[in-house]
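The values are calculated or read from the model by the stated rules, or taken from the named source; none is laboratory data. Treat the numbers as computed from the prediction; the structure is a model and nothing was measured. Quick reminder, even Gly has a Cβ in these numbers, built from the backbone with ideal geometry, and neighbours come from all protein chains shown. With ligands, DNA and RNA removed, areas are computed over all heavy atoms of the protein, side chains included. Shrake-Rupley method; radii C 1.70, N 1.55, O 1.52, S 1.80 Å.
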Amino acid sequence: MKKKKSIIIVLGILTIIVGVILFFVFQDNENKLTTEERQWISENETKVQNISIINNSNLFGNLGEGIFYSYIKDFTDEYGLKLNPITMNRNDASTGITLQVGNELSSSALNFYEDHFVMVSNTKDQTTSINEIKNKKIGILENDTNKVKAYLKNENIYTSFNNENELFNALDQGTVSYLVIPRIEYMNRILSKNYTINYHFSDLKRYYYIDDSSNSILFRIMKKFANRWIKSNLEKSLTSEEKALFQTSLNISDSALASLQKSNVTFGYRVHAPYEVYGDRQFGGIFAKYLDAFQDFSGIEIKYTKYNNEKKMIKDLNNNKISLYANYDTSMNNGVMIDTAIPLVIDIYAHESNPVVIYSSETLKNYTLYVEENTLAYQYLSNKEGLNLKTYKKDKISDVLKDKKALLAIDEVAGTYLGRSTLNNYTSRYRETTNSTYVIRSLGSETLNTLLTKYFNYLDNHSYIEKGFHDALVTENRGSIMTSIAKYALYGILIVGLILLLIYRSSKKVRMQKKVKKEDRLKYIDQLTSLKNRNYLNENLSNWNKNTIYPQSIIMIDLDKVQEINDTLGYEEGDNQIKAAANSLIKTQLDNTDIMRTDGNEFVVYLIGYNQKQITSYLNKLKKDFKNLPYDYGATVAYSMIENDLKSIEDALNECIEEIKKTKEQKKEEEK
């Protein structure tokens, strides 16, 4: 038997190894050249091939440099072909193979990069939502008129211009108040003229692409190479071009940037999910994504320092040990404000059992609002007249939630994040948009502050909120998993150490061996079903309550009419019913679960990581399997979800017991 198992294990390992090899061999098969394409290269190595390429667009093609030119150089180096770049301007018509930028993609085109349109003005005019963009005097380029008007509808006053000089002059002279333009193409003007991006239209796209309507062989070869080049080179090339553009437009010398790259820049933070989180010794969240992008862009290394104590952070701030920090906590206000354009939107949450309805800020005056102290949300609400505010300390939100009638005022993004756990039984009843935004305060040099300000303004805040939200989830989960692994690894080390100690001590006792009692070996095993028993449940309650991975669940199953089977057919038949039920539970068992027989006809299942929908699906499957028991009397089933540390395993078990009793009584009434 052991030999058979070993063979199976070896075959499994070999299958995995072969699978991995095949994956790497064939994963890029679609980008491999065909025989026809290789033959074409061989026949055309000495011929010069003309291609059209934009030559007046930031980052991708400008005065013979940029991402498209880097791609062409690498392509010619790879295949030894001779390409002749014929330069063209944006929006120029062309034939043959073209590397261009435009508002639409043809079916044959390969997209290199998706940019988007932005709304620009002379001054900062914080716009939180596209719904706020109404009745504004907006300047647009003639070629973009239809696309922009269709997107923004006709709720604004539009003026179209034939060229970019007329467009920007109109903004400078006040003929229009805003411009809606592609971001990258005009970033040099935005930077050099100190304009401000007031809104990113994330889904109003602008495409950088390669196309050829004739789908020539050369084009097919270039597309295949582009697919590989984009994966391996685009991000690095884009970052390099962005840095060069910002340096030139902001007049930052190489020596000034090199000095910054050698300096010590430290970001201090306390955990404020999802903006600032910590897991597995790593900083994550929304601000982390902003700062990580800035590091890649500028080459300036930022050290992250986590503080558990506010006083310690303030002390280090005053002693210049911190260069940067976020204003989520408003008790600190040292340094220059660097706007992230992340808007403060406040949601009012109520427990799902609370029928309160709120349609206006005026209604809020009738209630007490709980808000975390020293936050931007509290700062905003405290300046509104007539509100009754009560504050709670950081990490003490659970104390507020004990009162199901309490109304909680919280940042929209933070509320959505906590909706997975702490606020899973709460819903938003009112939302108020503010003119406030989150900032990162800087105690660094003027050059650092300028770079941060302009780069953060360049970043699409909508996209980075989404990226940061996801990063916060990943970082926290990784931290929870690693904590659990470390904990159990420590247990394993202690157990191994204890075993080695026992072996060492027992080796000194010549032929002295203690017999292990059978009842000790079987302490945690149910003799009838071979499942774990109530002793196992009681022994593990404490550890399970310490588990920080949610959701968790308790399922309780009480077989119906087992006593009736015992009384009429004998205990052997009753035992057969119980054993058959145990086999069904084992057959349908899910990963990360424990099954226990806790009483004569009672079973308990403990599950980790399954949501309510998955639990319901599992119970339906189990119910179907129970129909195959020797006696089709069914079972009474109850379950309880544990979403956070406010509910213990004991609470869940008690909930199930009460539900079982209630259901049993209903069944008795129905049988009368």
Only one of (1) assigned to a helix (DSSP H, G or I); (2) within 16 Å of I302 (Cβ to Cβ) is not met by T266, so which one is it? (1)
What tally of residues in segment 629-645 results from selecting those that are of a type in the set (G, A, S) and open to solvent by 10 Å² or more (accessible area, probe 1.4 Å)? 2
List every residue pair whose Cβ atoms lie under 7 Å apart, where the two residues are 6 or more positions apart in sequence or sit on different chains, the first residue falls within segment 360-374 and is without any contact (Cβ under 8 Å) to a residue 60 or more places away in the chain, and the second residue, located anywhere, is open to solvent by 50 Å² or more (accessible area, probe 1.4 Å) and of a type in the set (F, W, Y). V371/Y378; E372/Y378
Please find, among A226, A256, A244, the residue that is farther than 26 Å from I72 by Cα and either in a helix (DSSP H, G or I) or among the acidic types (D, E) (or both). A256
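For (1) of a type outside the set (A, V, I, L, M); (2) in contact with a strand residue (DSSP E or B) (Cβ under 9 Å, 6 or more places away or on another chain), each residue gets a yes or a no:
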residue	(1), (2)
N545	yes, no
I554	no, yes
D560	yes, yes
I586	no, yes
P630	yes, no
G634	yes, yes
Y639	yes, yes
I642	no, yes
Consider segment 44-89. How many of its residues are more than 21 Å from I184 (Cβ to Cβ) and assigned to a strand (DSSP E or B)? 8
Scanning for something of a type in the set (F, W, Y), within 36 Å of the chain's Cα centre (by Cα) and open to solvent by less than 50 Å² (accessible area, probe 1.4 Å), does segment 103-112 turn up at least one residue? yes
Looking only at segment 327-364, filter to residues that are farther than 19 Å from I397 by Cβ and assigned to a strand (DSSP E or B); which one of those is most open to solvent (accessible area, probe 1.4 Å)? M337
Among the numbered conditions (1) open to solvent by less than 60 Å² (accessible area, probe 1.4 Å); (2) over 30 Å from Y208 (Cβ atoms), tell me where N308 comes up short. (1)
Before we move on, is N601 at pLDDT below 90 and among the polar types (S, T, N, Q)? no
Going through G609, G600 one at a time, which residue ends up being among the small types (G, A, S), open to solvent by 10 Å² or more (accessible area, probe 1.4 Å) and over 26 Å from L418 (Cα atoms)? G600
For the subset of segment 293-321 comprising residues that are in a helix (DSSP H, G or I), at pLDDT 95 or above and among the hydrophobic types (A, V, I, L, M, F, W, C), which member is nearest to F246 (Cα to Cα)? F297
Of V336, V413, which residue is in contact (Cβ under 8 Å) with a residue 40 or more places away in the chain, in contact with a helix residue (DSSP H, G or I) (Cβ under 6 Å, 6 or more places away or on another chain) and within 30 Å of Y458 (Cβ to Cβ)? V336
Pairs needed: first member in segment 460-473, farther than 17 Å from L418 by Cβ; second member anywhere, of a type in the set (D, E, K, R); C-beta distance under 8 Å; at least 6 residues apart or different chains. Y464/K289; K467/K289
Take segment 176-190 and flag every residue that is part of a helix (DSSP H, G or I) and surrounded by fewer than 21 Cβ atoms within 10 Å (Cβ to Cβ). N188, R189
Could you count how many residues in segment 127-151 are open to solvent by less than 10 Å² (accessible area, probe 1.4 Å) and not β-branched (V, I, T)? 2
Of the residues in segment 227-261, those that are within 15 Å of S70 (Cβ to Cβ), in contact (Cβ under 8 Å) with a residue 60 or more places away in the chain and either open to solvent by less than 30 Å² (accessible area, probe 1.4 Å) or of a type in the set (D, E) (or both) come to W229, L234, S237, L238, E241, E242, L245
Wholly within segment 375-463, which strands (runs of 3 or more DSSP E) include no fewer than the required count, namely at least 2 residues that are open to solvent by less than 20 Å² (accessible area, probe 1.4 Å)? 407-411, 426-442
